[in-house]
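Following: one structure in C-alpha cells, then a few remarks.
The values are calculated or read from the model by the stated rules, or taken from the named source; none is laboratory data. Only a predicted model underlies this, so the values are computations on that prediction, with no experimental measurement involved. Don't worry about glycine lacking a Cβ; one is built from the backbone with ideal geometry, like all the others, and counts go over all protein chains shown. The area values use the complete protein model at the heavy-atom level, side chains included, leaving out ligands, DNA and RNA. Shrake-Rupley method; radii C 1.70, N 1.55, O 1.52, S 1.80 Å.
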Amino acid sequence: MTLHIFNPEHDIALASGLDNFTAPHAGRQLRHDLGWLPALWAQKDDYILVDDADFAYRKASKHKPLSSCGRVTYECRQFLTWKPSESLRNIDRIEVWGWDSAIKSHLQRIGISEQLLPSHQQLEEIRLLSHRRTSARLLTSLCGTLKDLRLVGEAQECTSTEEIDAGIERWKTIVLKAPWSSSGRGIRFINEKKSASVEGWIRNLLSHQGSIMMEPYYNKVKDFGMEFMANGNGNISYLGLSLFHTANGAYQGNLLATEQRKRTEMSNYIPSETLDTVERTICQQLGSIIGNRHEGPFGIDMMVVGSDNADEGFLLHPCVEINLRRTMGHAALALTRLVNPNNDDDVMRVMRIVYEDNQYKLKIEKL
C-alpha cells in the first residue's frame, strides 16, 4: 500500500534545507485544510497522512466525484494522523507532494522505515535539481535546439551585484528570482534602478542561498504548464497540459477539460505542433539532466509572450520554472478524470483553491 502526503510547504522547506523546519502559518493551514487532496489520485486502499482524520474525511466526502466513485469511504479508514500506527506497517511505498529533509524527519519520528525514505544524498540531489539553475539549463537547451520555433527566453545565475547591474544595463527591466522559492515568493521586478529594500534583499539572498537567478522581463500574455512523470531511470513521460490562473504570482485555479479541449484553447496562441515538439524535446533533454536523481511527478511552468511586433503573433517561453514535485496541475488532471470519466470535450469545469470562512477550500465550478 502507498502512503500519500500533501505537504504544500515543501518549496519553503527546500529553501531552508533544515530537518527541523517549521512552516509559516499559511503553509500549515493549507496542509491541514487540504490534506485530503491525495484522495484525488490515491488508490482506494491507500492511506493518506493528515493532521485531522475526521476533518479530512468530512471535506473529501463533500466532493461528489470522490464519494460517487468510492474513493472516500469511512470504512476504508484511509486517513491517518501524524502518530505511530499499526496501519503504517502495511506501507510499502510513500508518495509526498515533494521530498525534502523536513518531511523525511517528520516521517522518521512516527516510525516510518528508513528503507521507504530517501537517503541524505538523494535529498541533496533533489534539492540541487530543484534550484532554478536547472530551469535555466533546460531553457537554454530548448531554445538552442528548437531554433525554427518561435521560442523566447533567457536566464542567468548571478553570484554578485555587479552581474545584476550589468543585466539592468542590458535589459533595463529585469526579474530576479530566489534559487528556491514558491508561489510567486522570492521574486522582485526591477525597472532600471534598484531600491534600497531590493538591494538589501539581494545581499541577503547572495549570503544565504549563494546566487540569484536573473531574467529579462517578458510581456506575458498567458500562463500555462505541462505535467510530466519521471520513472527514476532517466525516462520522462508527458501527462498533459495545465491551464491555470494566477494573481500576483499566486496560484488561483485550473481548467478541468480534456487534453483536446485544452489544445484547442492554446491554439489561439501557440500551434499544437509547436507544443508537441516542445513536449517531446523536454522528455528527451530533461531525462538526461534528471537521470535517476528524481522519480515521480513534476511540472514545467511556461508562458505565452506577446511579440514587440503585433503582426508577428505570439512567442512561447518553454521553461519559466521546473517544479520538481507534484503540482496543482497534476491534481487537476486527476480531478478531470473523475468529473469527466467519458472524456467528453464539451465538459469543462474550473478547479479553484479559495480562502473563505477562515479555511482553504477546493471548489469545482461550471463554466
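Quick one: which residue in Leu315, Leu324, Leu367 is farther than 19 Å from Ser130 by Cβ and either modelled with pLDDT of 95 or more or open to solvent by less than 50 Å² (accessible area, probe 1.4 Å) (or both)? Even if it seems obvious, please write down each step before you answer.
On the way: Leu324 fails: farther than 19 Å from Ser130 by Cβ; Leu367 fails: either modelled with pLDDT of 95 or more or open to solvent by less than 50 Å² (accessible area, probe 1.4 Å) (or both).
After ruling out the rest, the residue left standing is Leu315.
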**OP:** Could you grab me the full set of residues in region 203-244 that are aliphatic (A, V, I, L, M) and in contact (Cβ under 8 Å) with a residue 24 or more places away in the chain?
**Re:** Leu205, Leu206, Ile212, Met213, Met214, Val221, Met226, Met229, Ala230, Ile236, Leu239, Leu241
**OP:** With the checklist (1) over 26 Å from Ile289 (Cβ atoms); (2) surrounded by 14 or more Cβ atoms within 10 Å (Cβ to Cβ) in hand, flag the one item Phe189 doesn't pass.
**Re:** (2)
**OP:** Determine which member of the set Glu279, Glu312, Glu259, Glu295 is over 22 Å from the mean Cα position of the chain (by Cα) and among the acidic types (Asp, Glu).
**Re:** Glu312
Original post:
Of the residues that sit in region 196-215 and are of a type in the set (S, T, N, Q) and surrounded by 11 or more Cβ atoms within 10 Å (Cβ to Cβ), which one is nearest to Glu157 (Cα to Cα)?
Top reply: Ser211
**OP:** Under 6 Å between Cβ atoms, at least 6 apart or on separate chains: pull out the pairs that start in region 328-342 with a residue that is in contact (Cβ under 8 Å) with a residue 40 or more places away in the chain and over 11 Å from Ser242 (Cα atoms) and end on any residue that is open to solvent by 20 Å² or more (accessible area, probe 1.4 Å) and not in a loop (DSSP other than H, G, I, E, B).
**Re:** Leu338/Pro65; Val339/Pro65; Val339/Arg349
Original post:
What is the number of the single condition among (1) under 30 Å from Gly27 (Cα atoms); (2) crowded, with 21+ Cβ neighbours inside 10 Å that Gln252 does not meet?
Top reply: (2)
Original post:
How many residues does region 85-99 hold that are open to solvent by less than 40 Å² (accessible area, probe 1.4 Å) and modelled with pLDDT under 95?
Top reply: 3
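So if I check each of Leu117, Leu142, which one is surrounded by fewer than 19 Cβ atoms within 10 Å (Cβ to Cβ), of a type outside the set (Asp, Glu) and at pLDDT 95 or above? It would help to see each step written out before you state the result.
Numbers: Leu142 fails: surrounded by fewer than 19 Cβ atoms within 10 Å (Cβ to Cβ).
Result of the check over Leu117, Leu142: Leu117.
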Original post:
Which strands (runs of 3 or more DSSP E) does region 171-217 wholly contain that include 1 or more residues that are farther than 26 Å from Pro24 by Cα, out of contact with any Leu (no Cβ under 6 Å at 6 or more places or on another chain) and hydrophobic (A, V, I, L, M, F, W, C)?
Top reply: 173-177, 187-191
Original post:
Does any residue in region 112-139 that is under 25 Å from Glu215 (Cα atoms) come within less than 7 Å, Cβ to Cβ, of a residue that is part of a helix (DSSP H, G or I) six or more places away or on a different chain, and which pairs are these?
Top reply: Arg127/Leu14; Leu129/Ile290; Ser130/Leu14; Thr134/Ile289; Arg137/Ile289; Leu138/Gln285; Leu138/Leu286; Leu138/Ile289
Original post:
Any residue at all in region 47-57 that is open to solvent by 30 Å² or more (accessible area, probe 1.4 Å) and among the hydroxyl-bearing types (Ser, Thr, Tyr)?
Top reply: yes
**OP:** Tally the residues that are assigned to a helix (DSSP H, G or I) and closer than 14 Å to Leu239 by Cα, restricting the search to region 283-332.
**Re:** 6
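Are any residues in region 73-126 over 14 Å from Asn7 (Cα atoms) and aliphatic (A, V, I, L, M), and if so, which ones? Lay out the reasoning, then the answer.
Narrowing region 73-126 to residues over 14 Å from Asn7 (Cα atoms): 73-80, 83-93, 108-126.
Hits for region 73-126 are Leu80, Leu88, Ile91, Ile110, Ile112, Leu116, Leu117, Leu123, Ile126.
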**OP:** Hey, could you check region 219-248 for residues that are open to solvent by 70 Å² or more (accessible area, probe 1.4 Å) and assigned to a loop (DSSP other than H, G, I, E, B) and say which is nearest to Gln284 (Cα to Cα)?
**Re:** Asn235
Original post:
Does Val354 satisfy the criteria of being in a loop (DSSP other than H, G, I, E, B), β-branched (Val, Ile, Thr) and over 27 Å from Ser130 (Cβ atoms)?
Top reply: no
Subject >> Conditions (1) buried (at least 20 other Cβ atoms within 10 Å of the Cβ); (2) under 25 Å from Leu34 (Cα atoms); (3) touching a strand residue (DSSP E or B) at 6+ places or on another chain (Cβ under 9 Å); (4) not polar (S, T, N, Q); number of the one not met by Ala102 >> reply: (3)
